[in-house]
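First the structure, then my questions, so here it is.
The values are calculated or read from the model by the stated rules, or taken from the named source; none is laboratory data. Fair warning: this is a prediction, and the values are worked out from it, not measured in the lab. Cβ coordinates were reconstructed from backbone atoms using ideal geometry, including for glycine residues, and neighbour counts include every protein chain displayed.
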Amino acid sequence: MARKESTEAAGTAAKGAAKGPSRPPGQKPGQKIDKRTDKRIDALLTLLAENATIVISGAKIAEEIGVSRQQVWRWIELLRDLGVRVKGHPHTGYHIERVPDILVPQLLSHRLYGTPFARRIHHFFKVDSTNTVAMRLAERGEPHGALVLAEEQTGGRGRAGRSWVSEKSTGIYCTILLRPPIPPAHAPLLTLVAGLAARDAAAEDLDSVPDIRWPNDLLVGGKKFGGILTEMHAEPDRIHYAVVGIGINVNQSKMPAEIAEIATSLKIETRKSHSRLELLVRMLHHFNRYYEQFLASGAQPILRRFAEVSSYFRGKRVRISTHSETFTGTTAGLEASGVLRVARDDGKGTELILSGDVSEAT
Ligand code: BTN
């Protein structure tokens, strides 16, 4: 049941997508997606959260949000499945034990006041990839600043065709839709902006200082806890839209065995849980600040900040793997476009790295 509800709940953005060639997972051809479902679950959560100390009857909730009592019960079950501690049952009423850590618009939008992210928040319980949804929305004219958030991704994507493990309600899976007035050649700076924002936000939750491995890996203790995937639709001189996807491992208790050696979460590092909501809000405010700084003053402040917080900026021994070769060298700063300079060990000079895998060379 929870799965069905989750798929239905993906209505806000997926409604339009249903007209296109690809459909969200679980949605059958021609199946109507109820656009209001998300909003009403959002309303249910808000009602419970705002009345945390009192028991509200199922009938009252049903009346307030305009659904049947059975539907209220089904959604309560869905929320429980997502880890929201709702006490009570259909006959007596319900109350919430604490404000849930779910990234629903109603809990977020007032916290994002003053940023472009407050007005268009698309929240999904389950979706293939927030980047994919954001691109579909962008094609349909969604404005700059729209956010796509998911509790779970079934096809989370990472760089270089890798997947991004997106366990339910433990990580942040967020995509920001941008329509930036910059040439495509400067797009790597958007990834740096996002990396800096996520790094600064996570630093407050960590006991040790996080690092950024160019261009987008967020590291703590040498292990990766976050990454950025920027995708765009552009002409040679103009970006139609860019989607900046940010994944942060927050409350995973352990990472899957295949990546446990190289990946971690904030919870694993600090041995305590963290509020995804607070972290996301902080990150989006940082993002807004860095983005505005970038538009107003160009790349230099972003590059200076990157130099301050990334051990990979200069003098780092690295191994670079591009599609054509692998070599070692030493990092030598960034170009104004955000591209990495690496002085090669083999005497062939300094290489400009547009994309590729960077790892620390021993
Ligand atoms: C990487 O380091 O390889 C980039 C990982 C990016 C993951 C995020 S999670 C939200 C957004 N949706 C996706 O499918 N990917 C990005």
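Which residues, taken from the stretch 75-87, are over 24 Å from the mean Cα position of the chain (by Cα) and surrounded by 16 or more Cβ atoms within 10 Å (Cβ to Cβ)?
TRP75, ILE76, VAL86
Find the residue count for the stretch 192-220, including only residues that are outside any helix (DSSP H, G or I) and farther than 23 Å from VAL243 by Cβ. Reasoning before the result, please.
Our first condition is that a residue be outside any helix (DSSP H, G or I); within the stretch 192-220, this holds for 204-220.
Next, only the ones that are farther than 23 Å from VAL243 by Cβ stay: 204-211, 219-220.
Residues that pass the stated criteria total 10.
Within the stretch 72-159, considering only strands (runs of 3 or more DSSP E) that don't extend past its boundaries, which have at least 1 residues that are among the aromatic types (Phe, Trp, Tyr) and within 16 Å of the ligand (Cβ to nearest atom)? Show your work before the answer.
Working: elements: 86-89, 93-96, 121-124, 147-150.
Passing ranges, in order: 121-124.
Do any residues in the stretch 295-322 that are at negative phi and free of Cβ contacts under 8 Å to residues at least 24 places away in the same chain have Cβ atoms under 6 Å from those of residues that are hydroxyl-bearing (Ser, Thr, Tyr) and surrounded by 13 or more Cβ atoms within 10 Å (Cβ to Cβ), where the two are at least six apart or on different chains, and which pairs are they?
Listed by first residue and then by second, the contacts come to ARG314/THR331.
Name the single residue that is nearest to the ligand (Cβ to nearest atom) among those in the stretch 161-182 being under 27 Å from ASP237 (Cβ atoms) and in contact with a strand residue (DSSP E or B) (Cβ under 7 Å, 6 or more places away or on another chain).
Filtering the stretch 161-182 for residues under 27 Å from ASP237 (Cβ atoms) gives 175-182.
After this cut, where a residue has to be in contact with a strand residue (DSSP E or B) (Cβ under 7 Å, 6 or more places away or on another chain) as well, the list is 175-180, 182.
Values: THR175: 5, ILE176: 10, LEU177: 12, LEU178: 14, ARG179: 18, PRO180: 18, ILE182: 21 Å.
That would be THR175.
Follow-up. Would it be correct to say that ALA203 is aliphatic (A, V, I, L, M), away from the ligand (no atom under 12 Å from the Cβ), surrounded by fewer than 19 Cβ atoms within 10 Å (Cβ to Cβ) and within 17 Å of the chain's Cα centre (by Cα)?
Details: aliphatic (A, V, I, L, M): yes; away from the ligand (no atom under 12 Å from the Cβ): yes; surrounded by fewer than 19 Cβ atoms within 10 Å (Cβ to Cβ): yes; within 17 Å of the chain's Cα centre (by Cα): yes.
Yes, satisfied.
Still on this model: Scan the stretch 228-248 and give yes if some residue there is of a type in the set (Phe, Trp, Tyr), under 19 Å from the mean Cα position of the chain (by Cα) and within 14 Å of the ligand (Cβ to nearest atom), otherwise no. Spell out how you get there, then give the answer.
Step one: list which residues in the stretch 228-248 are of a type in the set (Phe, Trp, Tyr), which gives 241.
Adding the requirement that they be under 19 Å from the mean Cα position of the chain (by Cα) leaves 241.
Checking which are within 14 Å of the ligand (Cβ to nearest atom) leaves us with none.
No, the stretch 228-248 has no match at all.
Rundown of residues vs (1) β-branched (Val, Ile, Thr); (2) modelled with pLDDT under 95, yes/no style:
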residue: LEU147; (1), (2): no, no
residue: GLY155; (1), (2): no, no
residue: ALA160; (1), (2): no, yes
residue: TYR173; (1), (2): no, no
residue: ILE176; (1), (2): yes, no
residue: ARG179; (1), (2): no, no
residue: PRO188; (1), (2): no, yes
residue: LEU192; (1), (2): no, no
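Residues that are aromatic (Phe, Trp, Tyr): find the strands (runs of 3 or more DSSP E) completely inside the stretch 299-360 holding 1 or more of those.
On the way: elements: 314-321, 326-334, 340-344, 350-353, 357-360.
Strands (runs of 3 or more DSSP E) meeting the threshold: 326-334.
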